[in-house]
């Protein structure tokens, strides 16, 4: 007699679940190959050999969710797209280096900036998402979420020269659309106004125009919410309706500062 857990698993998991560990190792290796971080790949033949290895490893991962011919087509399409993705990522990299005074070199951004790493992996996962690959794009995005604290759904559409500064706690939902030259700081949420399964096919997340800056801990919700071009969204705001272009939105709070010297003296006594 079969173990009941085995029987349930066999019935419910007709397809194998992709290997999380292999997927994480693969995306790290792909990132290193794409930006020549691995110095052993300076030789052109070694570079080409590594490309073949990465193609084979991706095919192995994808076979858990797609059939053979579909897998081959997806892998070919993905690697054909990498030249274009690489150009886009170099523009993202230049934006971070040129905008952030703390960045001393492009190599520092490559090695030490979680925002760039998250953007790079998002753009790679997005290519698989566009090819309708099940599960794996989400697996990749969640791997990077765990490493950086930045949660970008692979279905989001993000324009050129994107910059996430610091990044911890950033959430960008599935149907978010972000224009060109947008800068986002830590703790920003681009989310849904309400969560309901029957709205899965609707646009649930906001649209951000070109050249927008969104400061720390701002929350922007709703599929009908549009942030106009050149707007500046201040920290800690809560937005559920559209904002015109060139607007400045900020949260006004009161900070009270009192001198401790004006407080009554404490009563000192001994029992």
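Distance from the Cα centroid of the stretch 177-246 to that of the stretch 46-96 is 30 Å (rounded to whole angstrom). Counting 0.36 nm for each residue step from residue 69 to residue 55 and taking away their Cα separation leaves a gain of 3.6 nm. Taking the longest Cα principal axis of the chain as reference, the axis of helix 114-130 is set at about 50 degrees. On the principal axes of its alpha carbon atoms, the stretch 156-249 extends 33, 28, 25 Å, with the longest extent given first.
Summarising the strand pairing of the chain, around 0 percent of its internal DSSP beta bridges are antiparallel. Peptides 154-167, 49-62 ranked from most to least packed, by the mean per-residue count of other Cβ atoms within 10 Å: 154-167, 49-62.
The peptide list 105-118, 131-144, put in order of mean Cβ contacts within 10 Å with the highest first, becomes 131-144, 105-118.
For the residues 175, 23, 40, a GNM of the chain with alpha-carbon springs under 10 Å puts the largest fluctuation on 40. Could you tell me how many degrees, from 0 to 90 and to the nearest 10, lie between the Cα long axis of helix 20-34 and the main elongation axis, the longest principal axis, of the Cα atoms of the chain? On a 0 to 90 degree scale, this one is about 90.
Axis angle, to the nearest 10 degrees, between helix 44-62 and the longest C-alpha principal axis of the chain: 90 degrees.
Taken together, the values in this text are just the output of simple stated rules run on the coordinates, not laboratory data. Note that the coordinates shown come from a computational prediction; the quantities given were computed from them, not determined experimentally. So basically every Cβ, Gly included, is an ideal-geometry build from the backbone, and we count neighbours across all protein chains shown.
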